Amino acid sequence: MSALAILGGKPAIDKPFRKYNHIDEAEIQAVNKVLQSGVLSDFVGARGKNFHGGRQVQAFEQAWRERFGVKHAVTMNSATSCLAAAVGAVGAGPGDEVIVSPYTMSASAAAILVFNALPVFADIDPDTFNMDPHSIEERITKNTKALMVSNIFGHPADYNRIREIAGKRGIKIIEDNAQSPLAEYDGRLAGTIGDIGVFSLNYHKHIHTGEGGVCVTNDDGLAERLCMIRNHAEAAIEQKEAASLTNMIGFNFRLGEIEAAIGIEQLKKIDRLVASRIAIADGLTRRLSDIEGLQTPVVRPGCRHVYYVYAMKYRPHRAVPRNLVVKALQAEGVPLGAGYVKPLYLQPIYQKRIGYGEKGCPFTCAFHDGKLNYEKGLCPAAERMHEEDLFLFEPCKHELSEGDLDAISEAFHKVFGGLDILSQLNGQ
Ligand SMILES: *Cc1c(COP(=O)(O)O)cnc(C)c1O
């Protein structure tokens with residue numbers, strides 16, 4: 001085998017991989033039709049015929065309901081908007097706590113702050129990287145209003161345990177399913193298990209509309225509240241009788257007709273696109289599972305993993321830190337990252353407890369009678385993944401052939417075969 005590229009040898013991969021691009025003539029035609037109609041959005045922020053949006057938005061929502069087998073699908077302009085709307089819809093507010101993973105996109109936790117509720121971070125399961133039900137249970141207090149459960153990287157969280165914990169206490173479950181469309185847990189689609197599920201349609205996800213998101217629920221009341229928050233609730237609530245005013249300060253979270261028209265075409269492709277990501281991941285696992293020192297992704301029995309992220313774990317070779325292995329792999333041409341996100345409670349807003357205005361709201365809210373902990377060491381498993389263990393490869397970024405997978409495999413075998421050489425490098 002040739003010398004490691006990090007030491008000046010020839011890289012295992014000599015050209016960048018082809019980008020994942022699944023926009024074609026179907027989307028172009030659909031967009032043209034909308035443009036020709038002149039109606040680029042057909043929402044009006046008052047109750048009436050246009051409160052629920054235009055033809056494309058409504059057709060897209062119907063198609064989404066059918067594919068996911070849910071009673072309601074409410075589109076929005078991003079999953080971030082959907083997450084905030086979901087927190088508002090379940091009624092969380094000042095003094096309430098919502099338990100969330102620190103190892104998820106920042107928006108999962110920020111959505112809680114939008115309604116002045118407080119994120120409480122539970123640690124993750126070091127094999128699936130999802131919130132650990134045991135840690136959730138430890139974090140529950142009388143103030144816990146909801147759980148914000150991310151199905152991270154494409155693998156569903158442990159819903160049998162999570163539903164048991166939440167159900168007996170009347171705690172709502174919001175699923176952040178942005179990374180896991182068509183993932184399954186015990187034969188059920190991820191995102192349809194909790195009270196509200198949120199999907200993302202941003203450019204980086206399995207399917208996309210540029211920007212966009214969808215909330216799903218089987219609860220008529222929650223669906224109604226999501227539609228209100230999406231579309232100027234404060235103006236629309238007047239015409240509704242006997243509705244709760246809680247969190248009925250609305251936004252404009254509406255999706256445009258162009259994005260919805262793209263979404264209809266993308267949804268037709270979702271099974272094929274998800275299957276292609278799984279095939280890439282399976283191809284990697286077949287090639288990499290013999291490498292000592294590397295743990296390929298774990299799939300729990302009864303689960304379907306859809307590999308938004310192909311997360312591998314480094315079983316530390318004491319003398320070679322993960323970040324050096326990542327550098328060596330990158331030098332070979334593997335587009336790989338070290339860790340995912342810094343555990344969210346280590347972000348400045350939590351460390352300094354500055355949110356709305358300058359007085360510490362909502363962290364110092366007088367209606368909150370609990371104790372908040374955002375200290376380093378709070379979630380040791382998440383911190384270890386970030387600092388030491390996790391290799392991050394993103395199958396939704398590239399279109400990979402069998403030949404590309406062979407080249408990636410060669411790069412990994414080369415670098416892991418050269419760990420002793422790297423350890424000398426590290427010792428210098
Ligand atoms: C992408 C993502 C989001 C945000 O999605 P947007 O549509 O970009 O707002 C939220 N949560 C997770 C876990 C994500 O991966």
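The values are calculated or read from the model by the stated rules, or taken from the named source; none is laboratory data. Predicted, not measured: the structure shown is a model, and the values here were computed from it. Cβ placement follows ideal geometry from the backbone for every residue including glycine, while neighbour counts extend to all protein chains displayed.
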- When residue 174 is run through (1) in contact with a strand residue (DSSP E or B) (Cβ under 8 Å, 6 or more places away or on another chain); (2) in contact (Cβ under 8 Å) with a residue 40 or more places away in the chain; (3) closer than 21 Å to residue 111 by Cβ; (4) assigned to a loop (DSSP other than H, G, I, E, B), the failure sits at (4)
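A quick yes/no check of all residues on (1) crowded, with 21+ Cβ neighbours inside 10 Å; (2) of a type in the set (Lys, Arg); (3) within 16 Å of the ligand (Cβ to nearest atom):
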residue	(1), (2), (3)
196	yes, no, yes
202	no, no, yes
219	no, no, no
225	yes, yes, no
256	yes, no, yes
267	no, no, yes
- Item | Among the candidates 114, 70, 87, 98, residue that is within 25 Å of residue 257 (Cβ to Cβ) and not aromatic (Phe, Trp, Tyr) | 70
- Message: I'm checking my understanding of the structure. Among residues of the stretch 53-83 that are part of a loop (DSSP other than H, G, I, E, B) and not polar (S, T, N, Q), which one is farthest from the chain's Cα centre (by Cα)?
- Response: 54
- Message: Just to be sure I understand the filter: pairs with C-beta atoms under 8 Å, separated by 6 or more residues or on different chains, first member in the stretch 189-210 and in contact (Cβ under 8 Å) with a residue 24 or more places away in the chain and at positive phi, second member part of a loop (DSSP other than H, G, I, E, B) and near the ligand (Cβ under 9 Å from one of its atoms). Which pairs pass?
- Response: 191/151; 191/177; 191/180; 210/201; 210/202; 210/203
- Could you list all residues from the stretch 228-245 that are in contact with a Gly (Cβ under 9 Å, 6 or more places away or on another chain) and either modelled with pLDDT under 85 or at negative phi (or both)? 228, 229, 230, 231, 233, 234, 235, 236, 237, 239, 244
- Message: Based on this model, can you work out whether residue 157 counts as within 19 Å of residue 87 (Cβ to Cβ), within 14 Å of the ligand (Cβ to nearest atom) and surrounded by fewer than 21 Cβ atoms within 10 Å (Cβ to Cβ)?
- Response: no
- Going through the stretch 84-109 in order, the residues found to be assigned to a loop (DSSP other than H, G, I, E, B) and away from the ligand (no atom under 14 Å from the Cβ) are 90, 91, 92, 93, 94, 95, 96
- Message: Being touching a residue at least 60 places away in the same chain (Cβ under 8 Å), within 16 Å of the ligand (Cβ to nearest atom) and not in a loop (DSSP other than H, G, I, E, B): is that true of residue 112 here?
- Response: no
- Looking only at the stretch 27-49, decide whether some residue is in contact with a Phe, Trp or Tyr (Cβ under 8 Å, 6 or more places away or on another chain), of a type in the set (Ser, Thr, Tyr) and not in a loop (DSSP other than H, G, I, E, B). no
- Do we find that residue 338 is of a type outside the set (Val, Ile, Thr) and either within 20 Å of residue 394 (Cα to Cα) or modelled with pLDDT of 95 or more (or both) in this structure? yes
- Checking residue 365 against (1) surrounded by 15 or more Cβ atoms within 10 Å (Cβ to Cβ); (2) outside any helix (DSSP H, G or I); (3) at pLDDT 95 or above, which single condition isn't satisfied? (3)
- Query: Restricting attention to the stretch 189-212, which residues are polar (S, T, N, Q), under 13 Å from the mean Cα position of the chain (by Cα) and in a loop (DSSP other than H, G, I, E, B)?
  - Reply: 202
- Can you run down the residue pairs with Cβ atoms below 6 Å, 6 or more apart or on separate chains, where the first is in the stretch 130-147 and outside any loop (DSSP other than H, G, I, E, B) and the partner is at pLDDT below 95? none
- Within the stretch 104-129, considering residues that are among the polar types (S, T, N, Q) and surrounded by 24 or more Cβ atoms within 10 Å (Cβ to Cβ), the one farthest from residue 89 (Cα to Cα): 104
- Item | Subset of the stretch 309-335 (residues that are at pLDDT below 95 and part of a loop (DSSP other than H, G, I, E, B)) | 315, 316, 318, 319, 321
- Restricting attention to the stretch 53-83, and to residues there that are within 30 Å of residue 139 (Cβ to Cβ) and of a type in the set (A, V, I, L, M, F, W, C), which single residue is farthest from the ligand (Cβ to nearest atom)? 70
- For the stretch 126-148, which residues satisfy the criterion of being within 17 Å of residue 302 (Cβ to Cβ) and of a type outside the set (S, T, N, Q)? 127, 133
- Message: Being touching a strand residue (DSSP E or B) at 6+ places or on another chain (Cβ under 7 Å), more than 26 Å from residue 279 (Cα to Cα) and buried (at least 18 other Cβ atoms within 10 Å of the Cβ): is that true of residue 392 here?
- Response: no
